[in-house]
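All remarks here apply to the structure that follows.
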Amino acid sequence: MRRLNWPIWLGLLLSFFAFFSYPLIFVNWATTRDFPWANLILLAIAEVFIVIGLKRAFAPERRILSKIVGAVGAVLSGLVLIGFIFVAFIAPRQLPASANAPQVGQKAPPFTLTDTNNKQVTLADLLSQEIPSEMASAATAGPPKGLLLIFYRGYW
C-alpha cells in the first residue's frame with residue numbers, strides 16, 4: 001500500500017503560507033511588521049517538515065516518483081525561503097535615502113495639513129497660538145517655542 005508523503009506537502013504549503021501571510025496578515029501589527037519573526041518561525045517549521053519528507057522520499061522502498069516529487073518540493077520550499085529573506089531583509093536596504101527629509105533639530109519648512117476636523121492648519125498658526133492656561137505653567141507663558149508633529153502611518 002502506497003502512502004502519501006505528507007511532510008513534503010505540508011512543508012511546501014506552510015512555506016507558501018509563511019511567504020504570503022506577511023503582506024496579507026502579519027503586516028497589520030507592529031510586533032510582526034517591524035521584524036517578521038512569526039514568518040521566520042513558520043518557515044523554520046516548514047523546513048523541518050521538508051527535511052522529514054525528504055528522508056521519507058529517499059527511503060529505499062520508495063518509488064522514483066516519490067523521490068522526484070520530494071526533491072521538487074524541497075527546491076520550491078527553498079526558493080520560497082530565499083525569496084522571503086530577499087523581500088524582507090535585502091530589498092528594503094536598497095531603497096534610496098530620503099535626502100529632502102528634515103533632519104533632527106532642523107527647522108521645519110512651512111506646511112499646511114488637514115486636522116481631524118477637516119480644517120486646514122498651518123505651521124505658522126500652530127506656532128502663534130497661545131498655550132491654554134490649564135496646560136501652561138509660569139515658565140511656558142506665551143506662544144510655544146517648538147512644535148511636536150506626530151504622523152500616524154496607518155490604515156484609515
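The values are calculated or read from the model by the stated rules, or taken from the named source; none is laboratory data. Computed from a prediction, not measured in an experiment: that's the story for all the values here. We place every Cβ from the backbone using ideal geometry, glycine too, and count neighbours over all the protein chains shown. These accessible areas exclude ligands, DNA and RNA; they are computed on the full protein's heavy atoms, side chains included. Shrake-Rupley method; radii C 1.70, N 1.55, O 1.52, S 1.80 Å.
Observations
- Taking Cα atoms only, the orientation of helix 64-85 departs from the longest principal axis of the chain by about 10 degrees.
- Rg/Rh ratio calculated on Cα atoms of the chain (Kirkwood radius): 1.31
- Spatially proximal lysines relative to residue 55 (Cα-Cα < 23 Å; intrachain offsets below 8 disregarded): 67
- Peptide ranges 108-118, 70-80 listed from the most packed, as the mean C-beta count within 10 angstrom indicates: 70-80, 108-118
- Accessible surface, the range 63-119, averaged per residue in Å² (probe 1.4 Å): 79 Å²
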